[in-house]
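Report on one structure; see the data block that follows.
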Amino acid sequence: MNKTQYISYNGQIIAAKEFGITMNNRSFQYGDGLFETMHAVGSQVQFFYEHIERLVESMKVLKMEVPVRFTIDTLGLQNEISKLLTKNKIFKGGRVRLTVFRRAGGLYTPKTSEVSYIVQVLPLEQTYYELNKKGYIIDIFDEIPKPVNILSGIKSTSSLLYVLAGVYRKENKLDECLLINELGNIVEGMSSNIFLIKEGNIYTPPLRSGCLNGIMRKKVINLAKSEGFTVFDEVPIKLPDIMAADELFFTNAINGIRWVMGFKQRRYFNKITKLLSRKLNEKVFAEYGIAY
């Protein structure tokens with residue numbers, strides 16, 4: 001017997017089966033929405049304020065009205081998410097998705113800048129950021145370059161580029177795909193930032209390349225620097241750089257670090273990647289008073 005799943009809609013916790021969208025929902029019609037995906041342990045959301053800050057900045061770019069819940073009353077939003085996790089009996093690792101969309105009205109030109117929001121939670125198999133035992137096999141999805149503009153860093157509900165990359169990944173039995181931008185430079189993965197290690201130095205595409213300003217990207221950059229590594233995050237990454245790397249890994253807020261074993265005929269090590277993954281867990285969960 002399936003247990004009832006609950007969501008939070010504009011601050012009210014309801015059964016997921018009770019929620020439905022109308023045909024004039026702007027996220028459905030125009031992709032007029034955005035989202036944040038966050039990692040939780042028990043009732044605690046990791047890097048909550050950084051996620052909300054990024055969400056609010058993206059809403060401003062999209063000229064959406066920012067609710068008090070996302071600014072002055074962030075503690076209320078945090079408590080709301082905690083209650084939702086408990087209501088769904090998620091007491092270990094959890095995935096939290098906060099989706100914001102402009103309220104109905106208008107065609108391309110909206111009638112209002114007011115928004116609604118939904119919070120969804122799902123349990124994760126692991127509580128910590130566990131490094132994958134088997135390295136990823138990846139390739140490059142270069143059929144559609146990612147545009148570089150003010151919208152590049154927004155996690156929009158209009159995600160057709162990533163959907164088609166996902167179709168390519170599935171058709172080719174891959175674990176991940178690399179995306180390129182209009183200049184042919186490496187940008188990111190489908191749902192992750194990309195890092196490479198060469199001769200002990202760590203490189204990741206600059207934000208101006210069009211990659212997402214990932215929360216975990218920033219955490220790993222700071223962690224690597226604190227461990228004595230030199231990090232280059234302002235140098236464009238090209239395909240030959242990927243082929244010449246000693247190690248390759250992806251980062252995101254849910255999985256932490258994921259190492260790559262193979263790209264085309266190239267094979268990679270994971271010595272430094274393992275170190276960073278272990279240090280990431282030690283640092284992050286210590287901050288939240290959780291033993292690792």
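Please get the size of the charge dipole for the chain, origin at its Cα centre, with Cβ charges of +1 on Lys and Arg and -1 on Asp and Glu, quoted in debye to the nearest 20.
The dipole of the chain has a size of about 620 debye.
Apply 1/(1 + (r/R0)^6) to the Cβ-Cβ distance of T4 and Q29, taking R0 = 35 Å, and write down the FRET efficiency to the nearest 0.05.
On the way: r = 29 Å, r/R0 = 0.84.
Efficiency for this residue pair is about 0.75.
When the helices in the chain are scored as -39500 (n - 2.57) per DSSP H run of 4 or longer and the sum is shared across all residues, what 222 nm value do you end up with, to the nearest 500 deg cm²/dmol? Spell out each step's value before the answer.
Values: 7 runs with 80 residues, N = 292.
Mean residue ellipticity, 222 nm, calculated: -8500 deg cm²/dmol.
Using +1 at the Cβ of each Lys and Arg and -1 at the Cβ of each Asp and Glu in the chain, identify which of F141, I194, T4 lies farthest towards the dipole's positive end.
T4
I need the GluC sites (Glu not before Pro) found in the range 11-102, filtered to DSSP loop residues with at most 14 other beta carbons within 10 Å of theirs. Numbers along the way, then the final one.
Numbers: sites: E18, E36, E50, E53, E57, E65, E80; in loops: E65.
Here the sparse-neighbourhood loop sites are E65.
How much FRET efficiency would the formula 1/(1 + (r/R0)^6) give for I14 and N149, where r is the Cβ-Cβ distance and R0 is 41 Å, rounded to 0.05? Don't skip to the answer; put the middle values down first.
Values: r = 37 Å, r/R0 = 0.90.
Computed FRET efficiency for I14 and N149 comes out at 0.65.
If you take the beta carbon distance between N201 and V66 as r and set R0 to 41 Å, what does 1/(1 + (r/R0)^6) give as a FRET efficiency, to the nearest 0.05?
Numbers: r = 39 Å, r/R0 = 0.96.
The formula returns an efficiency of 0.55 here.
Which one, [x] -0.66, -0.80, -1.38; [y] -0.57, -0.69, -1.26; [z] -0.52, -0.63, -1.18, gives log10 I(q)/I(0) by the Debye sum over Cα atoms at q = 0.10, 0.11, 0.15 Å⁻¹ as derived from the coordinates shown?
The listed entry that was calculated here is [y].
Do any trypsin sites (Lys or Arg not before Pro) in the range 25-113 lie in a DSSP loop with no more than 16 other beta carbon atoms within 10 Å, and if so, which? Don't skip to the end; give the middle numbers.
Values: sites: R26, R54, K60, K63, R69, K83, K87, K89, K92, R95, R97, R102, R103, K111; in loops: K63, K89, K92, R103, K111.
Taking the range 25-113 and a limit of 16 other Cβ atoms within 10 Å, the loop trypsin sites (Lys or Arg not before Pro) found are K63, K89, K92, K111.
Between the range 103-156 and the range 75-92, what is the C-alpha centre distance in whole Å?
Using only Cα atoms, the two centres lie 22 Å from each other.
Spin-label point model (7 Å from Cα, Cβ direction): what's the E234 to K92 distance in nm?
That separation, rounded to one decimal, is 4.4 nm.
Q126 to N79: extension gain in nm, 0.36 nm per residue of separation minus the Cα-Cα distance?
Numbers: separation 47, 0.36 × 47 = 16.92 nm, distance 2.28 nm.
Difference between extended and current length: 14.6 nm.
Treating the angle as unsigned and between 0 and 90°, give the value, to the nearest 10°, between the Cα long axis of helix 160-171 and the longest Cα principal axis of the chain.
The helix 160-171 is inclined about 60 degrees to the chain.
Read the figures in this text as sums done on the coordinates, not as results from a lab. Since we're looking at a predicted model, the values are computed, not measured. Reconstructed Cβ throughout: ideal geometry from the backbone, glycine too, with neighbour counts over all protein chains shown.
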